[in-house]
Structure formats: structure tokens, C-alpha cells
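Worksheet for the structure shown next.
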Amino acid sequence: MDPECAQLLPALCAVLVDPRQPVADDTCLEKLLDWFKTVTEGDIFFPVGSLNLTPCKKKVWELLGEERSSRGTPGAVPLVTPGLGRPHRVQCRAAAGAPLPGGAAVPCAESPGPEFWGPLLLTPPGRNLRSPGKLLPVSSGAVDTIFSLQGDSSLFVASAASQLLVHVLALSMQGGAEGQPCLPGGDWPACAQRIMDHVEESLCSAATPKVTQALNVLTTTFGRCQSPWTEALWVRLSPRVACLLERDPIPAAHSFVDLLLCVARSPVFSSSDGSLWETVVRALSCLGPTHMGPLALGILKLEHCPQALRTQAFQVLLQPLACVLKATVQAPGPPGLLDGTADDATTVDTLLASKSSCAGLLCRTLAHLEELQPLPQRPSPWPQASLLGATVTVLRLCDGSAAPASSVGGHLCGTLAGCVRVQRAALDFLGTLSQGTGPQELVTQALAVLLECLESPGSSPTVLKKAFQATLRWLLSSPKTPGCSDLGPLIPQFLRELFPVLQKRLCHPCWEVRDSALEFLTQLSRHWGGQADFRCALLASEVPELALQLLQDPESYVRASAVTAMGQLSSQGLHAPTSPEHAEARQSLFPELLHILSVDSEGFPRRAVMQVFTEWLRDGHADAARDMEQFVATVLQVASRDLDWEVRAQGLELALVFLGQTLGPPRTHCPYAVALPEVAPAQPLTEALRALCHVGLFDFAFCALFDCDRPVAQKSCDLLLFLRDKIASYSSLREARGGPNTASAEATLPRWRAGEQAQPPGDQEPEAVLAMLRSLDLEGLRSTLAESSDHVEKSPQSLLQDMLATGGFLQGDEADCY
Amino acid sequence: YCLSGHPTLPCNVLKFKSTTIMLDCGLDMTSTLNFLPLPLVQSPRLSNLPGWSLKDGNAFLDKIYIIPSLSFRRANNLSTVDVILISNYALYDALPIHTRHTGFTAQCMPRNHQCQKAQSASLLLPSPLKDAVEVSTWRRCYTMQEVNSALSKIQLVGYSQKIELFGAVQVTPLSSGYALGSSNWIIQSHYEKVSYVSGSSLLTTHPQPMDQASLKNSDVLVLTGLTQIPTANPDGMVGEFCSNLALTVRNGGNVLVPCYPSGVIYDLLECLYQYIDSAGLSSVPLYFISPVANSSLEFSQIFAEWLCHNKQSKVYLPEPPFPHAELIQTNKLKHYPSIHGDFSNDFRQPCVVFTGHPSLRFGDVVHFMELWGKSSLNTVIFTEPDFSYLEALAPYQPLAMKCIYCPIDTRLNFIQVSKLLKEVQPLHVVCPEQYTQPPPAQSHRMDLMIDCQPPAMSYRRAEVLALPFKRRYEKIEIMPELADSLVPMEIKPGISLATVSAVLHTKDNKHLLQPPPRPAQPTSGKKRKRVSDDVPDCKVLKPLLSGSIPVEQFVQTLEKHGFSDIKVEDTAKGHIVLLQEAETLIQIEEDSTHIICDNDEMLRVRLRDLVLKFLQKF
């Protein structure tokens, strides 16, 4: 705790304890409690013996209790900070010397509030440390009150009550004075017994909310507590839990699944725990399709699990897709998905019940499989071909082109036609499936369905975006001819068909579509810019020309994407065909992008331009390499005037790249990294510094150092520190030239602060700038900048001052109130 | 009566409460595809076409035009039609046929805006055909005089205006959201309601939104005019239209859009207004060539009450509701009555031309097809779904220009219909049979049909369908003085009855109960009785009886009055009391009592009085 806060706290305690004093609003009280929690948790060695927080806390509880009463709902704050009970031991022990108002041992009362929390907060020192379980207010109705709060209309309160119950249970189960855990078969502590009875009773209740509460308490318990006693708890309660499966419908199925998975994940339970797996197996066959999927997925993600159960879970997960495939397949397809998946009437019913249930089930299934696919513990063998076929079928059902083989298929066709939600999920999964290998025929089908999707006028912008993403993944994962830079056999033909579609999409009236198409083009050219097939197909199309025209798009996002795309194409010499008639188009893109950086009214395109220029400089793009200093000087000059801080920050990034290329790359700060031999700078330091001065880098960096936007100043600080480190070894510079004349640089400092350019670039003396660099406390500046701009307002000291000021202000102006 | 086999060009006749109402009179123009195009100048290529056959074996004709068969003329005498209700501008094309040559004497009721369009459309719709030689039947039907004559019979109505038809039914137009002035109709009596939904749209375009609420509580909902392209999303098609237009123009090509002079073109122009700048096509001219181009563009700006809310708001600012006004002001959109005259001077390429007719058989579009068809740089984009674009293009083959089919049909699709029916919940739905089964080409698409409960009743061309409701009640008004004279008597708690003696006066399908005339006074003068006073004298009315006769008590009463040897038999309908001694039968049934005795009137009267004691009289 800060000494300043420690000084303010007694006065605040006095204000809070004094009933005549008006109190601040409850938000302040909540913040105060949060701070108490932080202090007591993290600062246990703070000598609180000299400072008694307890009356203050008690007052806060009282105030919150009043607040709760006035609102008619229990305040959530006292409940969500149950951890306060634990640190009190330290604190109360320290406070033992000071008498507590109202007596140390406040008796338990029926209602929650300060009286209830009193035993937890104000227990005399020594007792609670030795036997915490005995201190819990078992005999009172306090636990009953927590039980009742579980059903509170506020979800926050209800959730906090359940969590508190888990805390109380865990605390009571901590065992005797020696800290030994309770024996599994032994007597349960009275408090734990009460809670167990309540949970058992709730599990047997006919009211679903009660069952949900009980299951949530158990889920939290098994999730947080991994002591041996939790096994005894499961042994006791598992029959009751299993009984839930006998009810129709199964109550609180979602919570039920959560509990089973939580128990299964707990390290306390060995994988051979028969009762658990039996219950899971039963659940997999009893639960509805909505809940079976998450359970199956959870099982398949477990590290240790019986193989038979994994097989069953995988079949459950595949069931909806198997139904789809079965309903549409004209002839027996490849083995895999249909094997071992008997027709599940419930799944079929769900698929046929309504459009929303069908779409929901398929979307969940596809999302689960997408989540499972990249995991190492995914089932093996993975039915890649069947999944690919099923996903293509789902997409064909969505676009209405699937041919149903049965009445179920016909129904599915009608249900899924035009269903954008399923289309998006299927495209996501199809993209994921690109990571596996599949038969050539199915790959062809996948690419064909993607092309149709991209081409279809009915595809919505979001579907098109997903289709572009999936297509990109398939293209980038397609096998290449070994030892050859060309693409595989399928791809050239696909590209020839793709680019006309891409052209059309680049002209789409919906800006989202144009944007997605440009992003796709950028990514594709980034990865395939060197592939002859790709270059050939791209340059034969009008795509580069259309992308160039989109630099003038009215939508700023599209302009930004066009800038990025053209920057990428230009880097690889793809921004225009090489034929003579396109000579004009092949001219440098630099002036056009610089124009955008200078005049575009929106920030996104300007940021994109800066990123492109940085990339160009880094990669040695012809426009940048032709006259690097001129390039950097021009860009920095424009960027320094930009009102967008991200543009200025990107300008610093560009400056850093330039520094690296002039003085050598920055040294790694990782202590374990292999130290590379110092690369000699490309040119002597003096010349290098003069070049830096010439491009106006110092002006730009020093102005940025005093930038009103913190990230810019931070980045500039880092850049200058890097520069200072780089030149540190060149101490001979000063000696060789004599004493530096820092007067001119110091004179320009106020102008930098004002954000003005000091002198024309090139007029600065490198030595003077270096001296200025050495004289600045850059480390101190960096640490200052590291603090957020509102750190003062957010500090506890500010909070305490505000609360005191509120009280003081009201007191002082009492006479003026009329 | 269904008189049209085309579900989007309906022509039905509804007989309802002594009125005969024709619902729309669309004219199926697809048979024009059987003709060769009518070029502006003689085309050797077209005139020398060999015996070209379409897929179905039809040959192109150049001599005879077959007027769409008017089967309703055989089925019904059109003179019996009391009124024709028009739903939108596309569904009155057959009006001159109905009004001129069939003895039609009644009124037609289109929307205000439609009327204006009709007058202007008479210049356009079948214009080339009208002027063509040797198309005698067509010429007779569609002379300017006949069109004007048909239009003169039109009565203009506004949305939600209630119109009485002969006092029997009330018809009310409701906005259908499809086009300017398009409407659905409610035809209702006091106790029955028939809704006629034809060509409606739930999309947010330029017209006033569809009024769904007023369609609730319908006994029967007749549903026609759904989208012809249920699988094509209009938004996607507009995107496709713009993309292809931009690609063509950027490459120096021209774009030809065969279209009608109103309807979707307003939305296309609005879309292009936003798009051309973003696509860098501001310098590309848009030409709208039609005899009614000017009036179409101008009328659309002044009919504020038919517009959607946003556009209505603009009118009151005042600003032009449609952005094509700005396109015209900035010379980006130019309109011409034909390709002659100013257009020839202004024409520059590349450009976008909107012109008719979508069938590519007549109108200025024929000229542009001939002009631009040879270059692969040009593109023809079909946006109207009424004609098969492949058949439309057939006489122009081989064609180098690109052809894009982007049918834009904003009318209801089946998903929207399903939602609409759930919202409106009519007791019965009646629709063309095409809507009750998937399209033949997509027989597996069960979603492309109407799915409702109870299943929709379907009709087909030349079929008569009895609507599934029976009229049970009729509203009769009662004069206040007559009402004052009634003395209701409560026969059950909450139910009171009173006998009414009155004269039922029926005029113009309205019924009125008037007090009965007073008994005739002895005539003292020599005046002759007026005819109106010659009302038949009312007989003295016997009271009405109600209640039931308890058999046991009745028998006891008979015994008290000296009857003996009484036997009671139960029958299926009641009881028979047999007075053996008097040789008399008394049949007591639920709604009648008969006393059968042999010519003993005294005995009958005596027994009758005993029976009456057990009944209430009023």
C-alpha cells in the first residue's frame, strides 16, 4: 500500500464509521472493497497492526447492505468477494491489539450482511487459523440464506452465492488443526454435511432451477478443488447425478454436461473410474442432440478416456453429418462416416423438426468438428474423405443444387436452401479440412463448390467472405509438384476460372464484398507471388487494373485494402502486365500511394500506405531502393503532419527499419538468444548519422517523443534508445570532433515539444543531436510513458481522495444548500 | 372462375353476394417470342432467316399474331362482370379487350398512379405491334381510341378507401409494396371477408410498404402473383447487374438493359446512382429510351402518397424523392422518346441504355441488339423475369455480345409467403396450382411451394372453384320506432326474445325492418288508395311458444280433467300419450306436438289448452 493511501485511510475510516457523514455512492464503495481485496491479498506483510481496516470494512458492508435493502435485491458485491475471508486471518491477527467496535465475536444472525459476514471477518485471531471449519456459521441460518440466494433473480447474485457455497464447502473440508484432509468415508464436517444435504435435495427436486443450482455448485467444486475429498464427494453424489438421466426430459441438461466434463477433467479421478464413464456412456445415449454434441466434443478432447467411449462420442458427433450424407448419397460412397452410425431417430427428428433446429444442429456439429480437427488427440483414423463429402453436400443443400436420395433428403433440401448460417459454418469447416489430405475427386468437388459459392449472385457478403477464406486455405494447402515451383495440376485451371469471378467481385456494389476480394487477392499474391502459374493467370486477367482503380473507392476500408493489395502486387511486379500497352500502368505506384497518404480524409488508407512503405523499405522494393534517403525523407515528412497517431507510429516503424538498414539491426534483448557477431554498419557512423539528419529522422523522432498520443511517444522513445545504444560504442566521435555544440539542439527542443519541425532536414549537426540524445533521460521518460494516461485517476489514492472530498465538500457547503 | 393459366398474370372472377368481380386482367405476352423482331429498318438477316425452330417445335411467325385466347368469353358473358379490380400496372393489359368487345359496362378500379401510367402506356405497350400491318385482330383491340375508351371507364381510388359495390360488398385497396400504386384488395360483406393478394413485396424498395395488418381475419385469402424466380435473391441480382455493368463499361463496351419503362427501373437507377461514382463510372452516360420515359420519370416524383416513408419525407422538404432527378440534372441520365432526333446527336459510347421491350421483339431494343450484338465488348443484361432470355435471344444468334441474366423480381417468395400466412392467419388459402407443388425443374425443392395449414386450395385455368365458406348471416337494420316497440322476454338467463312484426324493406342489397302499417282506416273520402298504401293486412299473430312438456305432470293433468285409461309410449323423438277411451293420440316431440282425434274439435281444443298450460307464450 502506498504511504499516501495509508495516510488517507484513517480519515476515510472515520468518515465511513460516522453515521452522520454522508457516504459516497455505491460504486465508490465497490471500488473500495475491490481495493481492500487487492491490498489484503497481495500485501500480506503490510504492517496493518498500526492501521485497523476492519471498522472501515464493516461500515462498507453495512452501507452495501443498506444499498441492497433499498434496491430490494441483495447486493452482489459482498458475495463476489468471498475471498476476503481468507486474508482476514493475516489482517485480523495484526489487528489483535486494537479493540474492535461491537466486540470481536459478532454472533451469527439470520440475514446476510455485516452480521453474517462478521464471523468471517472479525473472528478473533488464532481460532480461525487452527480450525477454520469450526468457525463457519453452521448452526445459524446463514448457510440457508446462501441457499436461498442461489435462486436470486439476479444472475450475478445467484452465481456469486453458488461460488460462495463452494468456498464454504472447501473451507470446511480443509480438515482439522493439522491440516489433514477428511477421510473419504469418514464423517463430514457439519457445515459440509449441510451443504451436501442441500445439494442432494436439490438434485432430487422436480424443479429444474434447483437441479441447475446443484449441478453448478458441483461443477464449480470439481473445477476448483482437486483435493482427495472431492473423490469422496463424487462417490456420494454420483448416484443422484446419474438418476437425472432417468427423468424425461432430462433437467438442466446443459449443466449436467458441464458437470460430467468437469469431473472427467479433474486429475483426482483416474481414467478407470467406472461409475463416471458409465454415466457418460448413458448420457451419450439419453441426451438430446443439442447436448450430446458438446459432451461428445468434451470427451474427445480428454487426454485419458476409455477407447470405446471415444468411439461412441465420435459417432455421436458425426451423426448429423452422416444423416445428411445418407439422405443425399446416390451410391455407396467412401467408407468412414456412414460406417457404424446407425440411424439415430432423435437426430433425424431434430434435423426435420424445423429450419432453426436443423440449422442449429448442423452449425454446432460443424463447429465442434472444426474445433476437433487440429487437436492432436482427435480420433484416428480421421474420416477426412467422408467429412469432406458431407461438407460439400451441406453446401450444395444450402445452394439448392443437391440431389436428394430420400424423403429426408428432400426435406433437408427445402430446409437448408438459402440458409446463410449453415453455409458460413460449412465454409469454415471446409477451410479447416484443407489441412488434411483427401482424394483428388473430392478436392475437385470442394474447389468446385467454393467456386460456385463465389460466383453465385445469391451469396451474401458474409458468405462470400467465408468462401474467400476457405478458398485461400485450400489453395495454399494444395500439394505442389515436387522440385518444381509450379502449382499442382488442379490449380492452374482453377485460377483461370477464379479470376473472372474475382473481377466481378471487385466490382460488386457492396463494399464488404470488394473488401473481402481485395484481402483475398493480397493473401494469395503474398504466398504465391513467385509461382509462375499464378503470375500468368493473374496478369492475364483484369484483376490488377481493377485493384488499382479501387484506390479511389469511396469506402475507406476498401481503399485501405486496395492499398495493401497493390503494395503487395507491386512488390512482386504484378501490379500490371509487362506488355508494352500497359507501360503506363507499370509506372511507379509510389506517387499514387504518397498522394493517398497526403490527402486521403480517412485514416485507414493512410495507415495502409505507411505499412506498405515500411514493407517496401524492408524488402528493398525498387521504389524505395532507388533513392532510399529521398524515399524515407518524403514519407516521414508527410507522416509527421498526419493527424492520425497510428500513421505517425507507423512512420516511426519505418524510421526504425531505416535505422536498422543504416546502422545495423537492433540487438536482441533476449538473454538466452545466441549472440550473433556484430554486423558492421553499411557506412561509417558519421555518414550514417548525417543521412539520418538528412532524411529528417531526428526531427520526426524528437517531435514524436513529445507526441500527445502515448503510443507514439513510447515508440519514439524506444527508437531513440535503440539509436543511443547503437552509437554508444562510438565514444571517439565526440573526442575527435571536440566538444559538441548542443546549443542549437537545445534551442530546438521547445519547438519539438510544440510539434514543429526544427530546421530544414540536413541542417542539423549530427554531433549536437547525439549530445542531446545523451543528455535526455530516455529511460525515465519510458517508464513515465509506460503508465497509462489515467493512472492517476484510477489510483486508490484518487479514490480515497474523492470519497473524502465528497464528504468534506458536502460538509463544507452545508450552509449553502438551499 | 380462373381465366388465366399464368399465376403472375392472373385473371379471376369472383362471385360474391350477388356481385361479380373480375380480379386483374393480365395479358400474357410470351407468345410474342414466336415472332421475329420488328427492326427499325429492314433487316436482310432477319428476313432471310430459314425456318427457324424453337426447342418445342414452334416456328417464328411474321404474319399472324394469335391473340391470347379469351376463354372467359366462352365461360361467361363478360357483361355480367360488375367491376374489375386492378392490382398493379402489369395487370391491366387486357382491359381494352374486356371493356370494348364484350359488352362490358361496368367500372374498373385501378390506383391513381396506375391510371396515369395506363394513359401513357397506351402509347408504348404494344406500340410496334399496334402499327404493324396485317395484325388485324390486335389492331382492332388496341387502337388509341379503344385504349382511351377503356381508360375512361376507370374509377380512381386511394389506399384504404372503402368502396361500396351495390350495397352488397365493400372493396378496399391496400398497399402491396410491389410498385407505385400497386395494391391488394379486400372484398368483404358484414360477415365474410375475402382478401386478394396479388403481386406483393416485403422488400424495402420505393413503394409504400405492404399493409399486412388489414389482411387479418380473412375467411379466404386468394394468393397470386408470387415471384417468378424464387431462387434468385433480388439483392444478389442487383449486385450481379452492377458488377457486370461495370466490367463491361470499363472495357469500353456498352450495356443494353431491355426493360419496362417503370417498376424495377426506378430501383435500378437508384442503385446505379450510388454505384457509378464508387465504381469510377461517373462519366458513363445512362440513356433511357421510351415513348413514356419522360412521363415515367416525372410521374414517379409527384405521387408522394404511393411512396415509402423515406421518399415521402423528401417530398415535403421539398426534394425529389427519387435520385434519378439528380442524375438527370447532372446529365448523367438522359431520356428520349425514341432513338430518332436528339438521341442521335447526344449518343456517345461506352454507355448504358435502358429500353424496351424485354421480349426483344419490338421497341428500340431491337435496333441496339442489331447494332451491338456483333461485339464481344458489349453486354445485354436481362432484368425482367417475364421472358425466357434464351428464347428472346434466339433470332439474334449467333451473338458475340455477352448475355447476363439477372432477373429482379421483388414479389413475395415462398419463405415470405409462409411468414405472411402465419401472420395473417386466414381460414382458407386459395392459389394457383403451380404454387402447391415444387417447380417441375426442381422437383426436390419442397421449399418452393406454399406450405400452410389447412393446405391451400388450388385452381387451374378455366376451372371454377367454390370458395370454402357459406354465408349464414345477413345484416338487417331495424328502425328505431320499431325497436322501441319490442318487449323482450327472458327465456333463459342472458337470452331474451321478442317477436317482431315488421315489413322487410330491401333496396340496393340493404335490408331494413320497418314498423308494420297500421290497420287500414275506413276510407271516408273518394280518394283512391295510393299504391304504396296497398299493403296486405296483417293477420292477428298467434303467440310463440317455448318450453317443454313434462309427460308425467301432463298425464296427471289429463286425469284431473277426467281423462282415463291413459297410456304413455316412448318413441325415438319423444312420447305418445294415448287416450284410449277418447281414441285420441297426442304426439309430444321436441319441437312439435300433435293432437290426433277424429273430428272432435271440442276435444282437440280442450286438449290443446291443456298442452298450452305447460308452455310459455310470448
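If you go through the stretch B:397-408 and keep only what is in a loop (DSSP other than H, G, I, E, B), surrounded by fewer than 23 Cβ atoms within 10 Å (Cβ to Cβ) and either among the charged types (D, E, K, R) or within 14 Å of chain A (Cβ to nearest Cβ) (or both), you end up with just B:Pro407.
Rundown of residues vs (1) more than 14 Å from chain A (Cβ to nearest Cβ); (2) free of Cβ contacts under 8 Å to residues at least 24 places away in the same chain; (3) assigned to a loop (DSSP other than H, G, I, E, B), yes/no style:
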| position | (1), (2), (3) |
| --- | --- |
| B:Met449 | no, no, yes |
| B:Cys452 | yes, no, yes |
| B:Ala462 | yes, no, yes |
| B:Ala466 | yes, yes, yes |
| B:Phe469 | yes, no, yes |
| B:Tyr473 | yes, no, yes |
| B:Glu477 | yes, no, no |
| B:Leu482 | yes, no, no |
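Residues that are within 11 Å of chain B (Cβ to nearest Cβ) and open to solvent by 30 Å² or more (accessible area, probe 1.4 Å) within the stretch A:543-559 comprise A:Glu545, A:Leu548, A:Gln549, A:Gln552, A:Pro554, A:Glu555, listed in sequence order.
Here the condition is being within 32 Å of the chain's Cα centre (by Cα) and touching a residue at least 60 places away in the same chain (Cβ under 8 Å); of B:Ala304, B:Ala392, B:Ala293, it holds for B:Ala392 alone.
Within the stretch A:309-321, residues that are open to solvent by 10 Å² or more (accessible area, probe 1.4 Å) reach partners that are of a type in the set (D, E, K, R) with beta carbons closer than 8 Å, at six or more positions or on different chains, in the pairs A:Gln319/A:Asp344.
Given the structure, is B:Leu412 open to solvent by less than 10 Å² (accessible area, probe 1.4 Å), more than 30 Å from B:Val41 (Cβ to Cβ), modelled with pLDDT of 90 or more and away from every other protein chain (no Cβ under 14 Å)? The answer is yes for B:Leu412. Residue count for the stretch B:228-281, restricted to those that are more than 10 Å from chain A (Cβ to nearest Cβ), in a loop (DSSP other than H, G, I, E, B) and either β-branched (Val, Ile, Thr) or under 28 Å from B:Leu180 (Cα atoms) (or both): 7.
Being open to solvent by less than 70 Å² (accessible area, probe 1.4 Å) and over 20 Å from B:Pro550 (Cβ atoms) is the filter here, so list the residues in the stretch B:565-617 that pass it. Hits for the stretch B:565-617 are B:Gln580, B:Ala582, B:Cys597, B:Asp600, B:Leu603, B:Val605. Screening the stretch A:269-290 for residues that are β-branched (Val, Ile, Thr) and open to solvent by 30 Å² or more (accessible area, probe 1.4 Å) and picking the one that is modelled with the lowest pLDDT gives A:Thr290. The condition (being over 30 Å from B:Cys271 (Cα atoms), open to solvent by less than 10 Å² (accessible area, probe 1.4 Å) and of a type in the set (Gly, Ala, Ser)) is satisfied by just one residue among B:Ala179, B:Ala168: B:Ala168.
The selection criterion, being part of a helix (DSSP H, G or I), open to solvent by less than 10 Å² (accessible area, probe 1.4 Å) and of a type outside the set (Gly, Ala, Ser), does not hold for B:Val380. Could you list, in sequence order, all residues of the stretch A:443-461 that are open to solvent by 20 Å² or more (accessible area, probe 1.4 Å) and away from chain B (no Cβ under 12 Å)? The answer is A:Val443, A:Thr444, A:Gln445, A:Ala448, A:Glu452. The number of residues in the stretch A:770-792 that are modelled with pLDDT under 75 and either small (Gly, Ala, Ser) or in a helix (DSSP H, G or I) (or both) comes to 4.
Looking at A:Gly360, A:Gly293, which one is surrounded by fewer than 22 Cβ atoms within 10 Å (Cβ to Cβ) and either under 21 Å from A:Trp277 (Cα atoms) or modelled with pLDDT of 90 or more (or both)?
Exactly one of A:Gly360, A:Gly293 is surrounded by fewer than 22 Cβ atoms within 10 Å (Cβ to Cβ) and either under 21 Å from A:Trp277 (Cα atoms) or modelled with pLDDT of 90 or more (or both), namely A:Gly360.
Would you point out the residue of the stretch B:359-377, among those that are of a type outside the set (Ser, Thr, Tyr) and touching a Ser or Thr at 6+ places or on another chain (Cβ under 8 Å), that is surrounded by the most Cβ atoms within 10 Å (Cβ to Cβ)? Applying the filter and picking the extreme gives B:Gly363.
Among the residues of the stretch B:308-331, are any among the polar types (S, T, N, Q), within 30 Å of B:Tyr159 (Cβ to Cβ), crowded, with 20+ Cβ neighbours inside 10 Å and under 35 Å from the mean Cα position of the chain (by Cα)?
no
Just to be sure I understand, how many residues within the stretch A:155-182 are at pLDDT 80 or above and not in a helix (DSSP H, G or I)? Residues in the stretch A:155-182 being at pLDDT 80 or above and not in a helix (DSSP H, G or I): 1 in total.
Hey, does the stretch A:734-746 have a residue that's among the aliphatic types (A, V, I, L, M), surrounded by fewer than 17 Cβ atoms within 10 Å (Cβ to Cβ) and either modelled with pLDDT of 75 or more or closer than 30 Å to A:Thr27 by Cβ (or both)? Within the stretch A:734-746, none of the residues are among the aliphatic types (A, V, I, L, M), surrounded by fewer than 17 Cβ atoms within 10 Å (Cβ to Cβ) and either modelled with pLDDT of 75 or more or closer than 30 Å to A:Thr27 by Cβ (or both).
Comparison of A:Thr614, A:Thr564 shows that the only residue that is of a type in the set (S, T, N, Q), modelled with pLDDT of 95 or more, in contact with a helix residue (DSSP H, G or I) (Cβ under 8 Å, 6 or more places away or on another chain) and open to solvent by 10 Å² or more (accessible area, probe 1.4 Å) is A:Thr564.
Selection over the stretch A:606-642 of residues that are in contact (Cβ under 8 Å) with a residue 24 or more places away in the chain, assigned to a loop (DSSP other than H, G, I, E, B) and under 22 Å from A:Phe706 (Cβ atoms) gives a count of 1.
Test B:Asn331 against the criterion of being outside any helix (DSSP H, G or I), more than 30 Å from B:Asn184 (Cα to Cα) and either in contact with a Ser or Thr (Cβ under 7 Å, 6 or more places away or on another chain) or more than 10 Å from chain A (Cβ to nearest Cβ) (or both), and give yes or no.
Yes: the conditions hold for B:Asn331.
The values are calculated or read from the model by the stated rules, or taken from the named source; none is laboratory data. Bear in mind the structure is a predicted one, so any value in this text is a computation, not a measurement. With ideal geometry, Cβ positions are generated from the backbone for all residues, glycine too; neighbour counts draw on all protein chains shown. Side chains are part of the model used for accessible areas, which takes the heavy atoms of the whole protein and leaves out ligands, DNA and RNA. Shrake-Rupley method; radii C 1.70, N 1.55, O 1.52, S 1.80 Å.
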